[in-house]
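Below you'll find the structure, written out as structure tokens, and then a few comments.
The values are calculated or read from the model by the stated rules, or taken from the named source; none is laboratory data. Computed from a prediction, not measured in an experiment: that's the story for all the values here. Reconstructed Cβ throughout: ideal geometry from the backbone, glycine too, with neighbour counts over all protein chains shown.
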Amino acid sequence: MDTIALRFALPALVALTLFAAPAAAVEQNCRFIQAKPEREACYKRQEDELAAKRKPVAPANEGQTLETLRQMRQDDDAVYRSINNICRGC
């Protein structure tokens, strides 16, 4: 019974350490830096990293998106026309 618990506990522990490591690496402990300019620079870096993560991704090509929407509209219109030609009461 101990081997079964060990089989499940060991991979869970490894997964936990792998997922926790990136979070710890991103968050630096700036408050423990003694020199004020270095501490403020650390805070500034953290702020810039968070701002970069939160920035929305701009669409690659808006012209292509517009063309795709036009094509979808044409396809929808064709489907609607074909549906209207179906006899529903026959």
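Somewhere in the stretch 81-88, is a residue at pLDDT 90 or above, among the charged types (D, E, K, R) and exposed (fewer than 10 other Cβ atoms within 10 Å of the Cβ)? Full working, then the answer.
Within the stretch 81-88, the subset at pLDDT 90 or above is none.
Within the stretch 81-88, not a single residue is at pLDDT 90 or above, among the charged types (D, E, K, R) and exposed (fewer than 10 other Cβ atoms within 10 Å of the Cβ).
Residues being part of a helix (DSSP H, G or I) and in contact with a helix residue (DSSP H, G or I) (Cβ under 9 Å, 6 or more places away or on another chain): count how many of those fall in the stretch 28-40.
At the first step, the residues of the stretch 28-40 found to be part of a helix (DSSP H, G or I) are 30-32, 36-40.
With the extra rule that they be in contact with a helix residue (DSSP H, G or I) (Cβ under 9 Å, 6 or more places away or on another chain), the set shrinks to 30-32, 38-40.
Going through the stretch 28-40 one residue at a time, the tally reaches 6.
Please give the number of the condition ALA15 fails out of (1) modelled with pLDDT of 85 or more; (2) surrounded by 10 or more Cβ atoms within 10 Å (Cβ to Cβ).
Here ALA15 clears every test but (1).
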